[in-house]
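A quick write-up on the structure given underneath.
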Amino acid sequence: MTDQRSGHADRLDPTGGLDHTDRLGQAGRSVNGERFVLDPATADLHGDNDRLRRAGPLVPVTAEGVPAWAATQYATLLTVLTHPDLSRELHHWTTRHAMPPGTAIDRIVTDTSLLNAEGERHRRLRMPLTTAFSQRRLNGLRPRIEELTARLIDRLAEMPPDEPVDLRLEFAYPLPREVISELIGIPPGHQDELHRLTDAVAQVGDLEDSPGLRKELRELLDQIIEERHDTPGEDLISDLFALHEKDGGRLSEDELFATIELLFIAGHVTTVNLITNAIGALLTERGQLDLLRSGQCPYSAAVEETLRWDSPIAYFPMRYATRDIEIDGVHLRGGEPVLACFASAGRDPHQYGDDAHVFDVTRPQFTHLAFGHGPHFCLGAPLARLEGEIAIKALFEAFPGMALARPVDELPPLDTLLGNSTRTMPVLLGPRAR
């Protein structure tokens, strides 16, 4: 068993070009004047994270021009995710006006949905969505997910078995995209244009993500939501509109639109990374794949180990200290932001032992933090797990001779601070099983 995409982290500039005497006067004080600059384009995310963890549990970093604290270790991240004096509400960030516009951080921290809500407002916005992701709803979705997966497998089987096929583009992406489209209620007439735009968000195909594209996507979603108001069905948009009209004080129209936009984008992009990363891990670690195919381990174990070992989210912004606090011996001033390092926490030796860097589906199922923790635990976690398990089981049973066309550590990364995956996953499918 080997460790993919980890090793050296020399591309991390510990000084960020800052004067060592500069205390910054902004979020995060430097340690001996040093500050790590996170590189969204790094080809060695896990190596970078190894270095960050060695620097301490809370490390001063610069992310997309923003100085912040990075919670690098599992126990520290767990504390950050649940600390009563850390909030996701933007008004607590004292230097938010200095944040560069148009970045991934900007898009996340200015989101007006339940993502950045706290307390009673968060509970009010989250409550209507619990039914959509209930176990009963998921049980009803399973046959449809299996049907969509089988259709994608059939399409893959029509491709040349000895020529590279990009499974991120042709399999890992369309499955969760179709599932969330149906769950939310995207009309067929809008799906082609919506898919064109979300291709860029998921970083598949040739279209590049940009602030302008995000604006175009938001406008299209707004149009779809308006149209569904007049043509309700059995879907989440219709459910939320019904609630809005029944009890307008619970969910305003602005909150309704922001919620649906969040669910559509967040509801499939991270699952694309999960399925892509699982494929890469299992095709690299053939012994682990044999354990699944023999029935010694369930495919759900591969999903959980992928979530731990190669989290679909690298770093996620932000939580802000609402007052001066101390975490793991580090003093945070009120108003300072903290970045959650999910991919780093998943390989923390303090939590998972000296072999934390090893992909091992037989590992005792320690709790991981890939879906967060506490009040903001990911609503879509059960759906992502279900899609991941169905997808990788069907894929590896259909193509027993499948092999990587290129080693995973040679594939281009997503080039984003948030997502952790590769832009492609080229494989040679080989013949379909009979």
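Bear in mind that the values in this text are calculations on the coordinates, not laboratory data. The shown structure was predicted, so the numbers you read here are calculated from the model rather than taken from an experiment. Counting neighbours? That spans all protein chains shown, and the Cβs are built from the backbone with ideal geometry, glycine included.
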Q) Given the options E389, E158, E193, which has the most mean-square fluctuation in a GNM of the chain, springs set between C-alpha atoms less than 10 angstrom apart? A) E158
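Note down the net charge around C297, summing +1 for each Lys or Arg and -1 for each Asp or Glu among other residues with Cβ under 11 Å from its Cβ.
Values: positive: R293, R363; negative: D290, E304, E305, D360.
Net of charged neighbours comes to -2.
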Q. Among G280, S238, I265, whose Cα sits farthest toward the positive end of the charge dipole of segment 226-324 (+1 at Cβ of Lys/Arg, -1 at Cβ of Asp/Glu, about the Cα centre)?
A. G280
(Q) Just to verify a number: FRET efficiency for T94 and Q296, C-beta to C-beta distance, R0 = 30 Å, to 0.05? (A) 0.05
Q. Stretch K246-T82 to full length: gain in nm at 0.36 nm per residue minus the Cα-Cα span?
A. 55.7 nm
(Q) Could you check the spin-label model distance between R196 and R155? Points 7 Å from the Cα along Cα→Cβ, value in nm. (A) 1.7 nm
Q: Would you kindly state how much longer the chain becomes between E227 and R136 on full extension, computed as 0.36 nm times their sequence separation minus their alpha carbon distance, in nm to one decimal?
A: 30.0 nm
Q.
What FRET efficiency comes out for R121 versus R434 if R0 is 45 angstrom and r is the Cβ-Cβ distance? Round to the nearest 0.05.
A. 0.20
Q) Of all DSSP beta bridges in the chain, what percent run antiparallel (nearest 5)? A) 80 percent
(Q) Once you keep just the Cα pairs under 8 angstrom separated by 6 or more residues, what percentage relative contact order results for the chain? (A) 25 percent
Q: Going by C-beta contacts inside 10 Å, put D48, D154 in order with the fewest on the left.
A: D154, D48
Q. Which residue fluctuates the most in the chain, going by a Gaussian network model with Cα springs under 10 Å, if the choices are T362, T149, T62?
A. T362
Q: Pick out, in residue order, every one of the chymotrypsin sites (Phe, Trp or Tyr not before Pro) in segment 317-399 that is DSSP loop and has at most 16 other C-beta atoms within 10 Å; say none if there are none.
A: F366, F377
